[in-house]
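Here is the structure we will look at.
Please treat every number below as a calculation from the coordinates, not as lab data. It should be emphasised that the depicted structure is a prediction, and the values quoted were computed from it without experimental measurement. In this analysis, Cβ positions are derived from the backbone assuming ideal geometry, glycine residues included, and neighbour counts consider all displayed protein chains.
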Amino acid sequence: MELTEAFRGSLADVSVPTVLHRIVEVRARGTLTLSRPGETIHLFFVDGELKTAATTRRGMRIGEALLLHGLVEEDQIEGALRSIHAGRHPRIGRTLVERGLLSREVLDAEIRRHFEEIFYSAVAWMSGDFAFAPETGRLDPDVALDLPTSALIMEGVRRTPADRRLDELGDPAHFVHATKLAERVESLRLNSGEAYLLSLCDGKTRLRDLLRLGGSREDAAQTLYTLLAAGLIALSPELPPGPSHEPWDTSPLLLPIDLSGANGRPDDGVRLKQARIAYIEGTACLERDDRYGAVVLLKDCVRLAPENSEYRFRLAGALARNKLWRQRALDQYREAFRLDPLREELMIEFGELLFVCREYGEALGIAKSLVDRYPSRRNRELLSRCESALGQSGGATGFEASPSGGTPTRR
């Protein structure tokens with residue numbers, strides 16, 4: 001698909017990340033020109049991936065960058081420039097390499113860093129104009145590098161000045177939902193905090209609640225601003241219409257997983273193997289107290305193998321660490337208990353969380369089943385606390401233990 005000459009406009013109306021995502025989305029080939037007083041930036045793409053970058057800003061030529069970083073001497077640059085002006089060499093980098101003044105590896109690394117610096121500066125533009133011109137010409141291999149554009153967009157947004165983040169997030173009462181761009185999340189190289197918060201943007205959670213989930217409000221604001229500016233999330237003043245869905249079913253797949261087998265069809269063996277890999281990584285996150293990474297990975301385990309009680313059990317435990325997500329933890333505990341009604345560790349954690357959430361009736365049903373099978377002192381104490389709490393509240397339990405030991409049923 002090609003972008004037409006009509007793909008142009010003002011950066012006051014369309015952000016640079018949005019423009020870049022569009023180029024990636026349609027796998028466009030051509031040059032994106034960003035212009036404002038005093039500077040013009042040209043970004044050339046092939047199949048939606050950045051290949052070269054150039055700017056008219058002073059001090060931003062590759063020769064100047066090589067000199068600035070101490071990779072060549074000033075007289076060497078001058079000699080190379082004289083050779084280029086004489087028409088004997090087309091590129092300063094090639095001239096330096098051919099003269100043995102610079103290795104090809106060092107030059108490639110410096111060109112990559114130089115292009116990325118230009119690209120990151122473009123992402124930060126808040127005003128100016130943009131225009132995309134389709135092209136079919138050949139690239140000079142001396143200046144064409146493979147750069148993952150989606151990942152570059154994310155890194156560019158991460159570098160946005162901190163003082164802009166909280167002000168530009170929007171109304172804290174608005175609901176936050178993932179956009180279609182999040183479907184390509186595997187190419188974005190999100191860190192665990194970004195992936196965790198993105199997975200919670202289900203359209204039913206308000207911005208003010210999400211801001212409470214980072215290590216600090218500032219950390220959460222920084223992460224959410226990154227997701228918003230990169231076009232991965234959007235805010236809405238109202239809940240989305242239609243039936244309610246749990247985020248486990250609607251949030252994007254957070255791992256780069258290929259589930260196809262040899263015939264290109266879904267392969268159960270591959271699916272279960274990927275779930276196991278995610279489980280190992282998720283439990284490792286729990287051991288080092290990375291709850292964000294653990295939730296992201298364990299949610300993928302559940303998505304890939306929904307009938308595995310262990311995956312649901314571990315996900316429930318990770319969610320329960322944050323009081324804002326205890327109800328979702330209970331949902332996972334319920335499913336895990338349905339799948340494995342005899343596991344003592346599961347019953348204890350489930351019952352304890354029900355008690356903390358004041359779900360005394362359901363907690364009592366779990367506690368009775370627990371004591372019937374594992375009459376330890378700890379389990380009897382849980383049963384006693386549930387009975388005492390119900391007695392003080394004066395309410396009926398509303399639940400009774402299943403005769404088969406399964407999930408408690410309502411009376």
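At-a-glance table
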quantity: Distance (nanometres) between label positions extended 7 Å along Cα→Cβ at Thr179 and Ala124; calculated: 2.2 nm
quantity: Extension reserve of the Asp75-Glu238 stretch, reckoned as 0.36 nm per residue once the Cα distance is removed; calculated: 52.3 nm
quantity: Theoretical gain in end-to-end length, Arg104 to Ile277 [0.36 nm per residue, Cα-Cα removed]; calculated: 58.5 nm
quantity: Under 30 Å from Lys323, Cα to Cα: lysines that are on another chain or at least 8 residues apart; calculated: Lys180, Lys204, Lys299, Lys368
quantity: Neighbourhood charge, 15 Å Cβ-Cβ cut-off, centred on Leu286 and excluding it, Lys, Arg +1 and Asp, Glu -1; calculated: -2
quantity: Net charge of Cβ neighbours under 11 Å - reference Ser35; Lys, Arg +1; Asp, Glu -1; calculated: 0
quantity: Full-stretch length increase - Arg217, Arg113 - with 0.36 nm per residue and alpha-carbon distance subtracted; calculated: 34.2 nm
quantity: In Hz, Karplus ³J(HN,Hα) per residue of region 308-320 (6.51, -1.76, 1.60; θ = phi - 60°; x = Gly, Pro); calculated: 8, 5, 4, 5, 5, 4, 5, 5, 4, x, 5, 5, 5
quantity: Ranking of Tyr225, Tyr374 by count of other Cβ atoms within 10 Å, fewest first; calculated: Tyr374, Tyr225
quantity: Residues Ile366, Ile280, sorted so that the one with the fewest Cβ neighbours within 10 Å comes first; calculated: Ile280, Ile366
quantity: Ala133 paired with Arg36, simple spin-label distance in nm, labels 7 Å along Cα-to-beta-carbon; calculated: 2.2 nm
quantity: Where labels lie 7 Å past Cα in the beta-carbon direction, separation of Glu387 and Cys357 in nm; calculated: 2.5 nm
quantity: Cut-off 12 Å between beta-carbons: net charge of the residues surrounding Ala336, Lys and Arg +1, Asp and Glu -1; calculated: -2
quantity: Residue exposure sequence - Phe119, Phe350 - by fewest surrounding Cβ within 10 Å; calculated: Phe119, Phe350
